[in-house]
Amino acid sequence: MSEDEPPFDPFAIEQPPGERLQKFLAAAGVASRRHAEVLIRQRRVTVNGHVAEVGSRVLPDDEVCVNGVAVGPQAPRYILLNKPTGVVTTADDPQGRTTVLDLVRSAVDERVYPVGRLDFETSGLLLMTNDGDLAHRMMHPSFGVEKTYRALVRGKLRGLDRKALADGVELEDGPTAPAKVRVLQESGGRSLVEITIHEGRNRQVRRMFDLVGNPVIDLARVKYGPLSLGELAPGATRALTDPEIRRLKKAAGMAPARHRDQTAE
């Protein structure tokens, strides 16, 4: 290097202009960043008429389309749904069953999507939003956002089995993280158990109780991070309040920000 040549500074390298396409799609309420990448790989996303690639960047004047329909940033929406049993947690269902999106369409104009899943047979608290960053953090186990379920199970939950669930049990897809387990009631050969986990594996709570010999009869999620189901009726929705949104973002490790109180609309 000559004496006149400045030293190399990696932080001085100019970043490409625009916003990453996955982040743009998440802000548009199309999908989480992870699912947005899937849509791009499936060649379902175009930018200015050209099929996009993973890693593409979007400028303010670019036209972005998903399946031929133009999309753009939306006002953030946060909806709490009490999902009934017999409803699928998907955007659409090939079998024509009722989806969670069917239940929220009358409550919000913007596109919102479920944060995680609840099984067909499982009811309870489901967060719906178009905030892709929040959805990613809420679902990723590294952020440790807790989910609490009320499980009606067969038989009496023995002390050793309760401890096993609390310490973590070995499922076919690996050991579970420690959980909080509390027996609320025992009657007529059944037990009502409250269990709190921060993972989100497929049918995890049901598989955990199956493993210790207490199969689930009925399962409902009653809390998700700082959110509680409260007295919301099955199938009903409500917008989160400003304080709830702030607590939610804090639980997900996001910087605090002020939000318009949706309940005032």
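May I ask you to say which residue of S106, S123 is assigned by TED's automatic domain parsing to the domain that holds R247, surrounded by fewer than 18 Cβ atoms within 10 Å (Cβ to Cβ) and not hydrophobic (A, V, I, L, M, F, W, C)? Step through it out loud before you land on a result.
Working: S123 fails: surrounded by fewer than 18 Cβ atoms within 10 Å (Cβ to Cβ).
Result: S106 is the single residue among S106, S123 that is assigned by TED's automatic domain parsing to the domain that holds R247, surrounded by fewer than 18 Cβ atoms within 10 Å (Cβ to Cβ) and not hydrophobic (A, V, I, L, M, F, W, C).
What number of residues within segment 129-171 are within 23 Å of the chain's Cα centre (by Cα) and surrounded by fewer than 13 Cβ atoms within 10 Å (Cβ to Cβ)? Steps first, please.
Kept after step one, since they are within 23 Å of the chain's Cα centre (by Cα), are these residues of segment 129-171: 129-151, 168, 171.
Imposing the further condition that a residue be surrounded by fewer than 13 Cβ atoms within 10 Å (Cβ to Cβ) reduces the set to 141-142.
Total satisfying the criteria: 2.
Considering only strands (runs of 3 or more DSSP E) fully contained in segment 166-246, which possess at least 2 residues that are among the charged types (D, E, K, R) and at pLDDT 95 or above?
Numbers: elements: 180-187, 190-197, 216-224, 237-239.
Because the criterion is at least 2 residues that are among the charged types (D, E, K, R) and at pLDDT 95 or above, the strands (runs of 3 or more DSSP E) in segment 166-246 that meet it are 180-187, 190-197, 216-224.
Tell me, which helices (runs of 4 or more DSSP H) lie completely within segment 1-112 with 3 or more residues that are closer than 27 Å to Y149 by Cα, hydrophobic (A, V, I, L, M, F, W, C) and modelled with pLDDT of 90 or more?
Result: 100-104.
Yes or no, residue by residue, for (1) touching an Asp or Glu at 6+ places or on another chain (Cβ under 8 Å); (2) under 13 Å from G235 (Cβ atoms):
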residue: A52; (1), (2): no, no
residue: E63; (1), (2): no, no
residue: G68; (1), (2): no, no
residue: G72; (1), (2): no, no
residue: R77; (1), (2): yes, no
residue: K83; (1), (2): no, yes
residue: V88; (1), (2): no, no
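The values are calculated or read from the model by the stated rules, or taken from the named source; none is laboratory data. If you're wondering where the values come from, they're calculated on a predicted model, not measured in any experiment. All Cβ positions, even for glycine, are placed from backbone atoms using ideal geometry, and neighbour counts span all protein chains on display.
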